[in-house]
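No value in this document is a laboratory result; all are computed from the given coordinates. Just so you know, these numbers come straight off a predicted model, no measurement behind them. Because the Cβ atoms are built from the backbone with ideal geometry, glycine has one as well, and the counts that use them run over all protein chains shown.
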Amino acid sequence: MTATDAFGPAPATVEAGWLLPRPFRVVTRRQDTADTVTLGLRALDGAPLRFAPGAFTMVEMFGVGEVPISISGDPASPELLEHTIRDVGAVTHALVGSEPGTVVGVRGPYGRGWQVRDATGQDLLVVAGGIGLAPLRPALLDVLAHRGDYGRVILLYGARRAEDILFADELARWAARRDIEVQISVDYRTPGWQGRVGLVTALVAQAGFDAERTLTLVCGPEIMMRLVAAALLERGVPAPRVRLSLERNMHCGVGLCGHCQVRELFVCVDGPVLSYDRVDALLSVPEL
Amino acid sequence: MSDGTSLLDLAGLQSLLECLRSRGYTVIGPTMRDGAVVAAEITRLEDLPRGWGDTQRPGSYRLRPREDAALFGFAAPVHSPKATLFPADTTLWRRTRTEDGFDVELGDGDQDAPPRYALFGVRSCDLRAIELQDRVLDGRAVVDPDYHRRRRDLFVVAATCSDPSGSCFCTSLGTGPRPTRGFDLALTEILGGEHRFLVEVGSPAGSELLAGVPARPASPADLSAADRVARTAAEHILRRLDVDGLREVLQSAAGSPVWDEVATQCLACMNCTAVCPTCFCTSVADSTDLTGGTTTRHRVWDSCFSTEYSAVHGRSVRAGVAARYRQWVTHRFAAWVDQFQSVGCVGCGRCITWCPAGIDLTRRLADVRAERETATARARALAPTGDPHDRH
């Protein structure tokens, strides 16, 4: 017995679970936009990767590196892990270029998600910008799968140009449904675009929703999220009912490595989804 | 079995060391290398820096010969227990390509034989550092398996600090100079008269080990001599850090000009985070063999002073040095409190000593506090019409 008696053996699940990548094979590859691809991955051992909407994994391309990527698939079909990946760096470039059959490493899932079921019996407003729609897709699919549990469901989506609209076919299908209201706006008009031109924040101002009974989920570039959050607060949504998904340098996924900290928050475990009242003051300080 | 305090002479201390080794412990203790006291494996008392002390102040560390034969007559060594329990480079896992995918195994493949470390001569500030590392690495939902493995069977022989340095400020944080908890055995070296060591028992394991060593009961004179050692050391610590309300001060000080001022000195060299006994940030580095068949993932110390640390899409959240210094200090004295219910500092002073620019953490924190107080007073003077009881 030693002074360190409180230390039993580490639970094997902890040791094996958090840091070891599992092999997944790319089974589907869909080019969403010029620089964005959705990969469908299946675990080699067939074990589904169950996740909460809003969670992320660490995806690794052998010999290149590892990156945090939000899960964009259907939580009801965890046997197919979907990641929507934009080509912005060395690892995402390699991932975006990977063909079906490629084996990649996956750790996770990590992080606190949208907890969209908190809106049960109430209305839901989802505001997405650019690739920010990807982490929101699982939440929307979950809501649509349990549609009767919610009141109005509104999706406001902003993209840079019409060609950058993510999941365009699915958005068109949703727009045709009567139980979800979809509004899309683009920053810049390009030939053929008949829809709205303007910032997504303008959609917030115009959207008719009852601020008192609406949970709002926001994902996009940080500045867009802050502007949308401010617009939502302006409309009377209480800050705790505005949820954002923060992007920081997630490395380990479990709060040990320190990289993703924003003052007292470990974004990988306290987030990535955080309510606006917790992050408002932090995001307004440059370089915090 | 001994429950109270005992006394060891030099031969007894040598016997204690041998006893640890005979039980399979790798004993890590203070020894001299490259002009400094470092932590390394020791096998006999001669490995200790007998008769050597140190002079530490902002940006400077020098060994100095002592006029006595003290074994523990120096202040914080370069290496804290972090170097042993949470090494700068360790293997997380190794992966081998297979026909269909890969196999991956934890660690360096040597999981069956975990190290059994005994830390010898640990200072009180560093005991607190171990306690804090336990919270960070072994006390939350996800445990660091490598730390856990090294920590699990740790045996700690602490030593009272008798000759603190100009960088020390443990007394401001209540973490020293005398060990009060977190050890198996604690020594206080008594010079003058017979060279002897008062031994306090901190655990059943300590008691059990001591039973195998030729110790004799301590006399009241020995006890008061040991008290005097600790008291004198405490009196020699002149550096102060006011941690009262520091969290709130720092939370309100994100825009303080002090950060910009420090940034004109700070080299962002990461010495402070490397020597800090509680800094825990890490990164991973993969190495792949030439055939591409085996990949090894190393966990290596990282630092919030690097630009890559906060990089998102190739851009740093904290691009400027001022923001990075602010991050380090604010994490340590504000965010730590939220995250781990304690400030992340133990007052060892290593970051002050080993800063090549001699940046004095305690002075800079006092500067931030003073600047905040001035700013608050000015704001109040500018808005005198408000409710005098409303401090916002």
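With +1 assigned to the C-beta of every Lys and Arg and -1 to the C-beta of every Asp and Glu, and no other charges, what is the dipole magnitude of the range B:1-42 about the Cα centre in debye, to the nearest 20?
120
If the only charges are +1 at each Lys and Arg Cβ and -1 at each Asp and Glu Cβ, what is the size of the charge dipole of the range B:1-134 around the Cα centre, to the nearest 20 debye?
Details: 16 positive and 21 negative charges, 129 e Å.
I would put it at about 620 debye.
Would you mind working out the magnitude of the charge dipole of the protein assembly as shown relative to its Cα centre, with +1 at each Lys and Arg C-beta and -1 at each Asp and Glu C-beta, to the nearest 20 Debye?
On the way: 74 positive and 83 negative charges, 210 e Å.
I would put it at about 1020 debye.
Please compute the volume of the convex hull spanned by the alpha-carbon atoms of the range A:107-193 and report it per residue in Å³.
Taking the convex hull of the Cα positions in the range A:107-193, it is 106 Å³ per residue.
Say the dipole of chain B comes from +1 at the beta carbon of Lys and Arg and -1 at that of Asp and Glu; which of B:L241, B:L7, B:A221 then lies farthest toward its positive end?
B:L241
What shape does chain B have by the C-alpha gyration tensor, where a ≥ b ≥ c are the square roots of the eigenvalues, rounded means a/c under 1.5, and otherwise prolate means a/b greater than b/c and oblate the rest?
Because a/c hits 1.5 or more and a/b fails to exceed b/c, chain B counts as oblate.
Whole-Hz ³J(HN,Hα) for each residue in the range A:169-181, computed from phi via Karplus 6.51 cos²θ - 1.76 cosθ + 1.60 with θ = phi - 60°, x for glycine and proline: what do you get?
After applying 6.51 cos²θ - 1.76 cosθ + 1.60, I find 5, 5, 4, 5, 5, 5, 4, 7, 7, 8, 9, 9, 9 Hz.
Let me confirm one metric for peptide B:148-154, namely the mean number of other chain beta-carbon atoms within 10 Å of its residues' beta-carbons.
Across the residues of B:148-154, the mean count of other-chain Cβ atoms within 10 Å is 4.
Suppose only helical runs count, i.e. DSSP H with n ≥ 4. What mean residue ellipticity at 222 nm does that imply for chain B under -39500 (n - 2.57) per run, divided by all residues and rounded to the nearest 500 deg cm²/dmol?
-9500 deg cm²/dmol
Tell me the Kirkwood radius of the range A:191-245: reciprocal of the mean inverse pair distance over distinct alpha-carbon atoms, in Å.
Across the range A:191-245, the inverse of the average 1/r is 11.9 Å.
Average the reciprocal distances over every distinct pair of alpha-carbons in the range B:1-138, invert the result, and give the Kirkwood radius in Å.
After inverting the pairwise mean of 1/r, the radius is 17.7 Å.
Under the Karplus relation 6.51 cos²θ - 1.76 cosθ + 1.60, θ = phi - 60°, what is the ordered set of whole-Hz ³J(HN,Hα) values for the range A:208-219, x standing for Gly and Pro?
With coefficients 6.51, -1.76 and 1.60, one gets x, 8, 8, 4, 6, 10, 10, 8, 10, 10, 10, 8 Hz.
From the phi of every residue in the range B:154-169, what ³J(HN,Hα) in whole Hz does the Karplus formula 6.51 cos²θ - 1.76 cosθ + 1.60 yield, where θ is phi - 60° and glycine or proline is x?
5, 10, 10, 9, 8, 9, 5, 6, 10, 9, x, 9, x, 9, 5, 8
What does the net charge come to around B:T180 if you take all other residues with beta carbon closer than 15 Å to its beta carbon, with K and R at +1 and D and E at -1?
Surrounding charge for B:T180 is 0.
How large is the direction-averaged shadow of the alpha-carbon convex hull of the protein assembly as shown, in nm²?
Working: hull surface 139.7 nm².
Averaged projected hull area, Cα only: 34.9 nm².
Any idea what angle helix A:222-234 forms with the longest principal axis of chain A, computed on alpha-carbon atoms, 0 to 90 degrees, nearest 10?
Value to nearest ten degrees: 50.
Charges on Cβ only, +1 for Lys and Arg, -1 for Asp and Glu, centred on the Cα centroid of the range B:133-173; of B:C161, B:V143, B:S172, which one is farthest towards the dipole's positive end?
Looking along the dipole axis, the top candidate is B:V143.
Out of A:Y276, B:T31, B:G314, whose Cα points farthest toward the positive end of the dipole of the protein assembly as shown (charges: +1 Lys, Arg; -1 Asp, Glu; placed on Cβ)?
In the protein assembly as shown, that residue is A:Y276.
Under 25 °C and 0.890 mPa s, how fast does the range A:141-240 diffuse according to Stokes-Einstein, given a Kirkwood radius computed over C-alpha pairs? Answer in µm²/s, whole number.
Taking Rh from Cα pairs, D becomes 169 µm²/s.
Take the range B:322-376, compute every pairwise Cα distance, and split them into 10 Å bins from 0; I just need the percent in each bin.
21, 51, 27, 1
Let me understand the range A:10-131 better: what is its radius of gyration from the alpha carbons, and its Dmax, in angstrom?
Computed over the Cα atoms of the range A:10-131, radius of gyration and Dmax are 15.1, 48 Å.
For A:E163 and A:A47 in the same chain, what is the full-extension length gain: residue separation times 0.36 nm, less their Cα-Cα distance, in nm?
Length difference between fully extended and current span is 38.2 nm.
What are the residues whose amide H is under 5 Å from the amide H of A:G73, where those residues sit 5 or more places off or on another chain and H is modelled from the backbone?
A:E82
Quick one: which of A:270-277, B:268-275, B:5-12, B:63-70 comes out on top by average Cβ neighbours within 10 Å, and what's the full order, highest first?
Those peptides, ordered most packed to least, come out A:270-277, B:268-275, B:5-12, B:63-70.
Taking a quarter of the surface of the convex hull around the Cα atoms of chain A, what do you get in nm²?
Reported value for the Cα convex hull: 17.6 nm².
Quick check: convex hull of the Cα atoms in the range B:241-392, volume per residue, rounded to a whole Å³?
Looking at the range B:241-392, the number lands at 154 Å³ per residue.
Points 7 angstrom from Cα along the Cβ direction at A:D187 and B:A366: gap in nanometres?
The two pseudo-label positions are separated by 4.9 nm.
Exposed loop GluC sites (Glu not before Pro) only (DSSP loop, at most 16 other Cβ atoms within 10 Å): please give the longest stretch of chain A free of them, not including the sites.
The answer is A:80-286.
Report the FRET efficiency, 1/(1 + (r/R0)^6), for A:E79 and A:R178, where r is their Cβ-Cβ distance and R0 is 30 Å, rounded to 0.05. Don't skip to the end; give the middle numbers.
Values: r = 30 Å, r/R0 = 1.02.
Efficiency, from the Cβ-Cβ distance: 0.50.
Quick one: if you take sqrt(5λ) for each eigenvalue of the C-alpha gyration tensor of the range A:150-200, what semi-axes come out, biggest first, whole angstrom?
Rounded to whole Å, the semi-axes are 21, 11, 8.
Taking the convex hull of the Cα atoms, report for the range B:167-284 its projected area averaged over all directions, in nm².
12.4
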